[in-house]
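Comments concern the structure below.
The values are calculated or read from the model by the stated rules, or taken from the named source; none is laboratory data. As the structure is a prediction and not an experimental result, all values here were calculated from the model. With ideal geometry, Cβ positions are generated from the backbone for all residues, glycine too; neighbour counts draw on all protein chains shown.
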Amino acid sequence: MQLFVDGRPFLILGGELRNSSASSLDYMGPIWERLEAQNLNTVLAGVSWEMVEPEEGRFDFRVLDGLILQARAHRMHLGLLWFASWKNGMSSYVPAWVKSDVHRFPRVRLQGGEEPEVLSPLGADSAAADARAFGALMRHLAKFDAGEHTVLIVQVENEVGILGDSRDRSPLADAAFNGPVPEDWFRYAAANPQDLVPELRARWEANGSRTAGTWTEVFGAGSATDQMFMAWHYARYVDRVAAAGAAAYPIPLYANAWLNEPNAKPGDFPSGGPLAEVLNFWKAAAPHLSLLAPDLYASNFEERCRLFTRCSNPLFIPETNRNAEAARNLYLAVGSFGLIGFSPFAIEANPPTASAVPEADRAAIGKAYAILRQIAPLVLQHQESGDLVGFNLDKEHPSRAVELGGAVLEISLDELFGHRAERGAGLVMATAPGEYLGAGSGFRVIFRNPESIKGRVGIAAVTEGVFRDGVWVPGRRLNGDEDDQGRAWRFSSWEPGIETCTLYRAE
C-alpha cells in the first residue's frame, strides 16, 4: 500500500515541527530554508482548534493559509496535525469556550474522583463540536488547496488516550462499560477473523469467545479490558471527527499512537490510543481513517514496524528521533516494511534551543533524505514488486541473509583489513536479472547461489553514481580495496552513497 499524489506513488521524507512553531508565520519565515537544507519534501505542522475557532461558530484560517503559501514557496508539501480534543492525552488545545463549559463538554474521571483537564471520549457534544470545526477546516482546505495538493495527509487529534488510569470512570463511561459490547465490534470480528491480533484473540477465547455481553463478560476483568473499552470509544469519537472532514475533502486521514514501553500498564501510557494490541478496535470503530501510525521513539524499532503493519495497516511514522540511528532505521522501514513516510520530531530545532541535537545527528537525516530523494521512484516501484530489502545492522545484529533477484545476499557490517564497522544501514533492490542497486553506508554484500542453482556467482562490476533528474549518472568504477578485491559489494562507513552491482555466473 502506498500514498499516491497526483496519480503517482509518493514517499514522504518529512519532519515534524515542534508543537507551537506553526502558530506564527513570522516565526516560521526563516525556518523554511533550514528545512530545505535537510532535503525534506514534506513538513508536518500543527493546526489547533483554539486558533481555528476562537469563538464558537467563527472560524479563522489565516495562519493556515499563510503556512500553505510558505510551503509552496519552498516547494514542499504539508501534513497537518489537528490538535483539538486531545494532544498527548490532554485537552489543552480546545478553545476557551469549550474549557469553560464542563457540563456540555464533560471531562474524564479517574479513580478517586479527580477530573483532569481532559475531555471524555463519551461526550457527544464534544465530538459534535470538534467534528464541526474539523469539517469547516477541511472544507476550507478543499477550496484553498485542492488544485495544488500542498497538503497531503491530515492527522486527526494527537496521541489520544487516558493517562493516570486504565479507563474513564465518569458516570457516562461507567454506564457504557457495564452495558453491552457494541454489535459493530462482533460484526467486524466475524468478517475479519484472519486480522485479529493474537493478544486480543487470546483474551477473547479465554473468556469463551462470547458474541454478546458486557466488556467484562466478553473480555474478562482487568486493565487490558479497560484499554479495549477506551480504544473503542476514542476510535468512535475520532471517527466522527474524521467523517466530517472526509465528507468535505477526502484526502488520507490518520491517528497516531503514544507507544507503551515494556511492563507499562494502561494509564502509564494513554490507555485507548491506537496501539498495536488494540488495532482491531480502531479498525472496526474508525473506518474513515486511512491508517494508524506509531510515534516511534522505542528502541525495538523493527518489532514495532512489524506490529503496525498487521491488519493491512500501511506504515507511516509521523514522529521519531532525530539522530543518526533514526536515519539508519529509515532504510530498514522503507526497504522491509513498505514505509510511506518518515518524520523526525523537532526538525527545525537548532542550538541553543532546549531540544537541540548534535550536528552529526542533524546531518545524518539530511544525508539519508538526499539519497532517498534520488532513488525514491525506484524504491516505490520495487516496494510494489517486493524485490527490495532494507536493514539496520549493529554489533548485536551484524548480518542477515535474503534471497533476492535469484541470488542469496549475505549482508553484513562492512569489514576491511580486520576492521569492522560498528554500524551499517541501507537497502538493496534487484533491478534486472543479475543487476542490483543499493544505497546506504557501513555494510557489504556477498553473493551466493541458492541451493537449487549450481555453479559460481560473483561480482562482475560495481559502479558508484548519482541520479540527476531521474537519470543514472555513473561515477567511479569501484575495484580493489573498494570491493575487497572483488569479493564483496562494499558501502563505506564514511558517507552514504548509491552504487550498482552486476553479477557474473559460471558453470
note = Per the list (1) on the phi > 0 side of the Ramachandran plot; (2) not in a strand (DSSP E or B), residue check on residue 440 breaks on (2)
request  = Quickly run through region 449-485 and pick out the residues that are of a type outside the set (Ser, Thr, Tyr) and touching an Asp or Glu at 6+ places or on another chain (Cβ under 7 Å).
outcome  = 450, 455, 459, 462, 464, 475, 476, 478
ask   = What number of residues within region 221-260 are surrounded by 22 or more Cβ atoms within 10 Å (Cβ to Cβ), in a helix (DSSP H, G or I) and of a type in the set (A, V, I, L, M, F, W, C)?
value = 11
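Between 235, 298, which is aliphatic (A, V, I, L, M), in the same structural domain as residue 9 (by TED's automatic domain parsing) and in contact (Cβ under 8 Å) with a residue 40 or more places away in the chain? Steps first, please.
Working: 298 fails: in contact (Cβ under 8 Å) with a residue 40 or more places away in the chain.
After ruling out the rest, the residue left standing is 235.
Specify the residue that is farthest from residue 446 (Cα to Cα); the eligible residues are those in region 377-401 that are of a type in the set (A, V, I, L, M, F, W, C) and not in a strand (DSSP E or B).
Initially, region 377-401 is screened for residues of a type in the set (A, V, I, L, M, F, W, C), giving 378-380, 388-389, 391, 393, 401.
Subsequent filtering for residues that are not in a strand (DSSP E or B) retains 378-380.
Working: 378: 22, 379: 22, 380: 25 Å.
Per the stated criteria, the residue is 380.
Looking at 3, 17, 81, can you tell me which residue is under 21 Å from residue 363 (Cα atoms), touching a residue at least 60 places away in the same chain (Cβ under 8 Å) and touching a strand residue (DSSP E or B) at 6+ places or on another chain (Cβ under 8 Å)?
Values: 3 fails: under 21 Å from residue 363 (Cα atoms); 81 fails: under 21 Å from residue 363 (Cα atoms).
17 is the lone residue from the list that is under 21 Å from residue 363 (Cα atoms), touching a residue at least 60 places away in the same chain (Cβ under 8 Å) and touching a strand residue (DSSP E or B) at 6+ places or on another chain (Cβ under 8 Å).
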query = Taking interchain pairs and intrachain pairs at least six residues apart, which have beta carbon atoms under 9 angstrom, with the first residue in region 361-377 and assigned by TED's automatic domain parsing to the domain that holds residue 327 and the second of a type in the set (Phe, Trp, Tyr) and assigned to a helix (DSSP H, G or I)?
reply = 368/331; 371/331; 372/331
key: Pairs, first of a type in the set (S, T, N, Q) in region 154-182, second surrounded by fewer than 19 Cβ atoms within 10 Å (Cβ to Cβ), C-beta under 6 Å, six or more apart   = 166/223; 178/214
ask   = Out of the residues in region 191-209 that are loosely packed, with under 14 Cβ neighbours inside 10 Å and in a loop (DSSP other than H, G, I, E, B), which is farthest from the chain's Cα centre (by Cα)?
value = 208
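When region 325-339 is examined, which residues are found to be within 14 Å of residue 376 (Cα to Cα) and crowded, with 24+ Cβ neighbours inside 10 Å?
330, 331, 333, 334, 335, 339
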Members of region 83-111 that are loosely packed, with under 14 Cβ neighbours inside 10 Å and either touching a Lys or Arg at 6+ places or on another chain (Cβ under 9 Å) or part of a strand (DSSP E or B) (or both) = 111
key: Hits in region 177-190 (condition: under 15 Å from residue 285 (Cα atoms) and either in a helix (DSSP H, G or I) or under 27 Å from the mean Cα position of the chain (by Cα) (or both))   = 183, 184, 185, 186, 187, 188, 189, 190
task = Find the residue count for region 20-64, including only residues that are surrounded by fewer than 21 Cβ atoms within 10 Å (Cβ to Cβ), in contact (Cβ under 8 Å) with a residue 24 or more places away in the chain and either closer than 22 Å to residue 131 by Cβ or of a type in the set (Gly, Ala, Ser) (or both).
result = 14
key: Extreme residue, surrounded by the fewest Cβ atoms within 10 Å (Cβ to Cβ), among residues of region 480-498 that are free of Cβ contacts under 8 Å to residues at least 60 places away in the same chain and under 32 Å from the mean Cα position of the chain (by Cα)   = 494
message = Quick check on my filter: what residues within region 308-324 are under 26 Å from residue 439 (Cβ atoms) and surrounded by fewer than 22 Cβ atoms within 10 Å (Cβ to Cβ)?
response = 309, 314, 321, 323, 324
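Here is a list: 441, 452. Which entry is surrounded by 19 or more Cβ atoms within 10 Å (Cβ to Cβ) and among the polar types (S, T, N, Q)?
Details: 452 fails: surrounded by 19 or more Cβ atoms within 10 Å (Cβ to Cβ).
Being surrounded by 19 or more Cβ atoms within 10 Å (Cβ to Cβ) and among the polar types (S, T, N, Q) holds for just one of 441, 452, which is 441.
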query = In region 403-431, how many residues are part of a strand (DSSP E or B) and without any contact (Cβ under 8 Å) to a residue 24 or more places away in the chain?
reply = 2
inquiry  = Given (1) assigned to a strand (DSSP E or B); (2) touching a residue at least 24 places away in the same chain (Cβ under 8 Å); (3) charged (D, E, K, R), identify the lone condition not met by residue 477.
reply    = (2)
